[in-house]
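Following: one structure in structure tokens, then a few remarks.
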Amino acid sequence: MKMKSKFLMATAALALMAAPALAQEKLKIGMTFQELNNPYFVSMQEALKEAAASIGADVVVTDAGHDVAKQISDVEDMLQQKIDILLLNPTDSAGIEAAVHAAKAAGVIVVAVDANANGPVDTFVGSKNRDAGYMSCKHLGEAVGGKGEVAILDGIPVVPILQRVEGCKAALAEFKDIKLVDTQNGRQDRSVALGVVENMIQSHPNLVGIFSVNDGGAMGALSAIQGSGKDIKLTSVDGAPEAVKAIADGTPFIETTAQFPRDQVRVGLAMALAQKWGARVVPKEVPIDVMVVDRKNAGEFSW
């Protein structure tokens, strides 16, 4: 990571170490995830529990399963349990706004993690998603020699995904002989993406590259590419273990721009603790750096 992220992580570590001395009573932390059927969010949950244990705090975790009505209900239940801090990973940035207002009305510190939410969120901690899309598609453009037909495997229209696609298109536009011929929604799901990419390949027989907005969808895309027997390069965003292994193994999956989910939740908790203890100045937004993982460094990378 770059110097800024290292500084933020050092700040977070100091805040967490200081917690036992500063806390006047046992804290209760709630975190609602958009999903937990994903290694990315599982690793985030593990880091949260480790950090909470280090300061003697209780943790309540829920899985919205990409259902905003359930996520709102989950937040309401947490407020009934008298949480002090809400870490919010929204499944729908706009749809969750009422829950953010309810939490703030109850005096709860609200920090959005990975994806921002509408409403009076105290701080948002998330990856530099536009950078991630740009870096991944720059790598793709160079890998295909700066020419040919490429496609985007899109996902659920939340801000981080939209930013990745925006970054990708900006990178592809730098290659005058690359043509973006298709963009389809794989819903960030392996099985859905498999069928979508099979159709892409049939519809565009000259396809040379695909960018997936996440590694889950990319693994489905990889199966479709391998099944086709064609030389189609694949890049993505996340840094998930199975994606990194596929890259290290020399498959058509050649790159993923890695996020740091553990860092995001640790920094998010540190920002919430700082506000809980009365810090006068806490940033409204904390961007976390991303990193290209390709065959050169895949053997050394892990979340």
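Can you tell me which residues in segment 260-286 are among the charged types (D, E, K, R), more than 17 Å from LYS128 (Cβ to Cβ) and either free of Cβ contacts under 8 Å to residues at least 40 places away in the same chain or open to solvent by less than 50 Å² (accessible area, probe 1.4 Å) (or both)?
ARG280
Which residue out of MET9, MET1, MET17 is open to solvent by 50 Å² or more (accessible area, probe 1.4 Å), at pLDDT below 90 and within 15 Å of TRP303 (Cβ to Cβ)?
Unique residue meeting the criteria: MET1.
Yes/no per residue for (1) at negative phi; (2) of a type in the set (Lys, Arg); (3) open to solvent by 50 Å² or more (accessible area, probe 1.4 Å):
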residue: ILE225; (1), (2), (3): yes, no, no
residue: LYS230; (1), (2), (3): yes, yes, yes
residue: ASP238; (1), (2), (3): no, no, no
residue: PRO241; (1), (2), (3): yes, no, yes
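State which residue is nearest to the chain's Cα centre (by Cα) when the search covers only segment 102-147 and only residues that are part of a helix (DSSP H, G or I) and of a type in the set (S, T, N, Q).
Among those residues, the one meeting the criterion is ASN129.
Hey, could you check segment 40-68 for residues that are polar (S, T, N, Q) and open to solvent by less than 30 Å² (accessible area, probe 1.4 Å) and say which is farthest from GLY126 (Cα to Cα)?
It comes out as THR62.
Based on what the data block shows, is ILE247 more than 22 Å from the chain's Cα centre (by Cα), more than 21 Å from ILE288 (Cβ to Cβ) and crowded, with 24+ Cβ neighbours inside 10 Å?
The answer is no for ILE247.
Which fully enclosed helices (runs of 4 or more DSSP H) of segment 193-303 have 2 or more residues being farther than 21 Å from SER136 by Cβ and not hydroxyl-bearing (Ser, Thr, Tyr)?
261-276
Examine segment 89-96 for a residue that is within 19 Å of VAL286 (Cα to Cα), in contact (Cβ under 8 Å) with a residue 24 or more places away in the chain and in contact with a Lys or Arg (Cβ under 8 Å, 6 or more places away or on another chain), and state whether such a residue exists.
Scanning segment 89-96, I find no residue that is within 19 Å of VAL286 (Cα to Cα), in contact (Cβ under 8 Å) with a residue 24 or more places away in the chain and in contact with a Lys or Arg (Cβ under 8 Å, 6 or more places away or on another chain), so the answer is no.
Do you know which of the residues in segment 92-140 that are modelled with pLDDT of 95 or more and acidic (Asp, Glu) is surrounded by the most Cβ atoms within 10 Å (Cβ to Cβ)?
For segment 92-140, the residue satisfying everything is ASP114.
From the list GLY141, GLY145, GLY133, pick out the single residue that is in contact with a Gly (Cβ under 7 Å, 6 or more places away or on another chain) and either among the small types (Gly, Ala, Ser) or without any contact (Cβ under 8 Å) to a residue 24 or more places away in the chain (or both).
Only one candidate passes the filter, namely GLY133.
All but one of (1) touching a residue at least 40 places away in the same chain (Cβ under 8 Å); (2) open to solvent by less than 20 Å² (accessible area, probe 1.4 Å); (3) of a type in the set (S, T, N, Q) hold for GLN71, so report the exception by its number.
With respect to (1) touching a residue at least 40 places away in the same chain (Cβ under 8 Å); (2) open to solvent by less than 20 Å² (accessible area, probe 1.4 Å); (3) of a type in the set (S, T, N, Q), GLN71 is out only on (1).
Only residues that are modelled with pLDDT of 95 or more and in contact with a Ser or Thr (Cβ under 6 Å, 6 or more places away or on another chain): list them for segment 38-74, please.
Of everything in segment 38-74, those that are modelled with pLDDT of 95 or more and in contact with a Ser or Thr (Cβ under 6 Å, 6 or more places away or on another chain) turn out to be THR62, ALA64, VAL68, GLN71, ASP74.
The values are calculated or read from the model by the stated rules, or taken from the named source; none is laboratory data. All of these numbers come straight from a predicted model, not from anything done at the bench. Ideal geometry is used to build each Cβ from the backbone, glycine not excepted, and the neighbour counts take in all protein chains shown. To get the accessible areas, we keep the full protein, side chains included, count just its heavy atoms, and leave off ligands, DNA and RNA. Shrake-Rupley method; radii C 1.70, N 1.55, O 1.52, S 1.80 Å.
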